[in-house]
Protein chains: 2
Amino acid sequence: MATLKDIGTELGLSTATVSRALNGFPEVNAKTRDKVRKTADKLGYRPNRSAQRLVTGRSGMVGMIVKIRPDLSADQTFVEILTGLTAALAKRDTDLVLAVDQDPDPVAAYKRMLERDMLDGFILNAPVPQDPRVDFLTQAGVPFVMHGQCRNDAAYPFYSIDNQGVSAEAVGMLTALGHKRIALLNGDPGHAYAADRLAGFAAAMRSADLRVPVAFMAGAAPSESFGYAQALAMLAGQHGTPPTAFVCASTLIAAGVMQAVEDRGLRVPDDVSVIAHDDALPQTRAINFSPALTVTRAPLRDACAPLANHLIDHINGTPARALQTLLRAELIRRGSTGPVPSGGEMPWPST
Amino acid sequence: MATLKDIGTELGLSTATVSRALNGFPEVNAKTRDKVRKTADKLGYRPNRSAQRLVTGRSGMVGMIVKIRPDLSADQTFVEILTGLTAALAKRDTDLVLAVDQDPDPVAAYKRMLERDMLDGFILNAPVPQDPRVDFLTQAGVPFVMHGQCRNDAAYPFYSIDNQGVSAEAVGMLTALGHKRIALLNGDPGHAYAADRLAGFAAAMRSADLRVPVAFMAGAAPSESFGYAQALAMLAGQHGTPPTAFVCASTLIAAGVMQAVEDRGLRVPDDVSVIAHDDALPQTRAINFSPALTVTRAPLRDACAPLANHLIDHINGTPARALQTLLRAELIRRGSTGPVPSGGEMPWPST
DNA sequence: GGAAATTTTCAAAACGTTTTAAATTTGGCA
DNA sequence: TGCCAAATTTAAAACGTTTTGAAAATTTCC
């Protein structure tokens, strides 16, 4: 492998000049730079990463640790995210070192990885409301970026959609259509995103002067069967007068809900309105629903590049506060929402 | 961060001795080693990977590039494999650098990664019968290990199950039970494993003096719906007299087959025998089938540690020929296979 | 007690890059 | 021509480890 020295001796230059020429420093003569570049090409020069890292103190690697979860849907998004992340990181000359974790202690894997390796930072996903990793890494002085947002005090870079806003948007649209009995079929509120959806939902309902029966707020793994079972129970009146609208944490849940509506002999949107949040994964396309699904939309893959860039900017010194993105989801009206049916105006007593 | 020098000055020793003490060289005094170890602990010493790599010429990283595939089942195994691999590699102080690839050129991603990085080797998965990556990496002198086995000439380390043997075992068992009309529901023969299953199946049938109608050998993505559709068609006699036994490339296919058998009002194993190859993934457990599924079993997770070790041994100089493992799958008889039904002895004309 | 053999330690070089501080060359201007 | 400033280049140090060849310390043996 050709080194800086090889190029230097070939041209009668010092390694210092060669290094500067290749790294685009301004103080090197244009002709020299040209010559250096040509010879570098000719010799097939590739900088030795280890040497660069030794002197810069950077490893050019960031870590990501994924918890294995029995639930299938996680895998779907995982591969999707992985694709985008590695591509975005590669553009900034950074590699992704991956580990899979089974330890019950949420920070153990991070400790191990920091010991074993020289990592410039971490990408964190699937935050819980008070995420212990945030405190640990902050205290250890290790840069990281969070995909999502948690409720810790520390200031850290993140990229998240406005999950409270997602619920507010959905509720706002439904109340404008006259709906008053609205159900939330949420993800597991142990996850930060679901906790925020719940908070946003409750706040929006309150400010619309509506009360939410607890039985209309269900949360679990956002699966189709969960949506089906919950919707069926609610429509059967098992939790009081049935809702006229469902706000779903995922399109998968919405699929279950629509099946339940059909099985009860009802129709969407005439009898029941359905709105969901859409991560725009390739598997369940909201537009292929029948009727097409009204959604708040925020493609997951859009998060990859910002995440990578936030992290690397932070590593390079940009303060955390300047790297906090809260993205508003886009509301897309399609066929699954409509005016409240005539029997539906009957309000609940407001709070 | 404490360095070798810090430990050295603290104890009045040279960095050379400290290095040797920590790396377990025999020529260092036991007491010295103890002292060194203690101070290393006290100062929280961690070797600087970049420095180690610079001098050893090793990066301590191996790469793995995964092709994204639309098909879901791949993701399942992917996470499983990833878990095992990172764990096994960590034991040998090695990291996994992961990239996801979309390039139609099968070696482009490898070229890119070799340019960008200093990698000690690669883990290859999902081989095709004549795999272009093998030739490319062999010629480039980059060590690798193959999960699976392809038909290239080059000698390379691999860890694979004996896929021809898998089919032979299944056919052998079924013919012993009197079956003569046996169908193979295979994976996509564009993949090496499926090509081998097919070859093994054909050879075993021939040596049992049986003929296989081409229509009894179907291959595609090993999904449940594929198994269902194919089995239904065959049982309906669409491809000639129905088979009395199915050899399935996966338990997922077998699930589809058993559904098809039931839907035709037949019973397993009285009317139809079913045997599958079982990767022992957590999702579809062969023992939970009804009746429990007879399988050739070779847990995928068992491949992870051997793969990691083969690769690292090869990097350390062990010749490829000594690192070629072909694992025999275990035959487990359960309830889904039985003697051929009375109408089933009618033989086809043998070849 | 001393030479020889053995064990243990050390100083220095090497890996390939970046960066600092100093040296050299170039160009402008009087 | 000579001087000063600017532009360009260089030598050398630094990063933290491993490894080589030699030196020092210790043990063994007669």
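The values are calculated or read from the model by the stated rules, or taken from the named source; none is laboratory data. Quantities reported herein were computed from a predicted structural model and do not represent experimental measurements. Here the Cβ positions follow ideal geometry from the backbone for every residue, glycine too, while neighbour counts run over all protein chains shown. Calculation scope for accessible area: heavy atoms of the full protein, side chains included, ligands and nucleic acids excluded. Shrake-Rupley method; radii C 1.70, N 1.55, O 1.52, S 1.80 Å.
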Here is a check on your reading of the model: is B:ALA2 of a type in the set (Gly, Ala, Ser), touching a strand residue (DSSP E or B) at 6+ places or on another chain (Cβ under 9 Å) and either away from DNA strand D (no atom under 11 Å from the Cβ) or outside any helix (DSSP H, G or I) (or both)?
no
When B:GLY12 is run through (1) within 12 Å of DNA strand C (Cβ to nearest atom); (2) surrounded by 15 or more Cβ atoms within 10 Å (Cβ to Cβ); (3) more than 41 Å from the chain's Cα centre (by Cα), the failure sits at (2)
Could you please give the count of residues in the range A:181-199 that are in contact with a helix residue (DSSP H, G or I) (Cβ under 7 Å, 6 or more places away or on another chain) and surrounded by fewer than 22 Cβ atoms within 10 Å (Cβ to Cβ)?
3
Report, ordered by the first and then the second residue, all pairs with beta carbons closer than 6 Å, sequence separation of six or more or different chains, a first member in the range B:139-156 that is polar (S, T, N, Q), and a second member that is outside any loop (DSSP other than H, G, I, E, B).
B:GLN149/B:PHE158; B:GLN149/B:SER160; B:ASN152/B:VAL134
So which residues in the range A:44-57 are within 8 Å of DNA strand C (Cβ to nearest atom), touching a helix residue (DSSP H, G or I) at 6+ places or on another chain (Cβ under 7 Å) and open to solvent by less than 90 Å² (accessible area, probe 1.4 Å), if there are any at all?
A:TYR45, A:SER50, A:ALA51, A:LEU54
Going through the range B:7-16 one residue at a time, which ones are farther than 25 Å from A:SER59 by Cβ and more than 8 Å from DNA strand D (Cβ to nearest atom)?
B:THR9, B:GLU10, B:LEU11, B:GLY12, B:LEU13
Single unsatisfied condition, B:ASP41 versus (1) more than 30 Å from B:PRO143 (Cα to Cα); (2) open to solvent by 70 Å² or more (accessible area, probe 1.4 Å); (3) within 11 Å of DNA strand D (Cβ to nearest atom)
(3)
Check on B:ALA40, more than 9 Å from chain A (Cβ to nearest Cβ) and closer than 30 Å to B:ALA280 by Cβ
no
With B:LEU54, B:LEU85, B:LEU89 as the choices, which residue is in a helix (DSSP H, G or I), modelled with pLDDT of 90 or more and either within 28 Å of A:VAL55 (Cα to Cα) or within 8 Å of chain A (Cβ to nearest Cβ) (or both)?
B:LEU89
Residue ID - farthest from the other protein chains (Cβ to nearest Cβ), chosen from residues in the range B:21-36 that are away from DNA strand D (no atom under 11 Å from the Cβ) and open to solvent by 80 Å² or more (accessible area, probe 1.4 Å)
B:PRO26
Evaluation of B:ARG112 against (1) buried (at least 22 other Cβ atoms within 10 Å of the Cβ); (2) within 14 Å of chain A (Cβ to nearest Cβ) (one fails), failing number
(1)
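Yes/no matrix, rows are residues, columns are (1) in contact with a Gly (Cβ under 6 Å, 6 or more places away or on another chain); (2) open to solvent by 10 Å² or more (accessible area, probe 1.4 Å); (3) within 30 Å of A:GLY141 (Cα to Cα); (4) acidic (Asp, Glu):
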site: A:GLN230; (1), (2), (3), (4): no, yes, no, no
site: A:GLY265; (1), (2), (3), (4): no, yes, no, no
site: A:ASP270; (1), (2), (3), (4): no, yes, no, yes
site: A:ALA286; (1), (2), (3), (4): no, no, no, no
site: A:LEU300; (1), (2), (3), (4): no, yes, yes, no
It is to be established whether one or more residues within the range B:210-220 are out of contact with any Pro (no Cβ under 7 Å at 6 or more places or on another chain) and within 30 Å of B:THR86 (Cβ to Cβ).
no
Which listed residue, of B:ALA245, B:ALA280, B:ALA254, is in contact with a strand residue (DSSP E or B) (Cβ under 8 Å, 6 or more places away or on another chain) and surrounded by fewer than 23 Cβ atoms within 10 Å (Cβ to Cβ):
B:ALA280
Is it the case that B:GLY60 is within 15 Å of DNA strand D (Cβ to nearest atom) and touching a strand residue (DSSP E or B) at 6+ places or on another chain (Cβ under 7 Å)?
yes
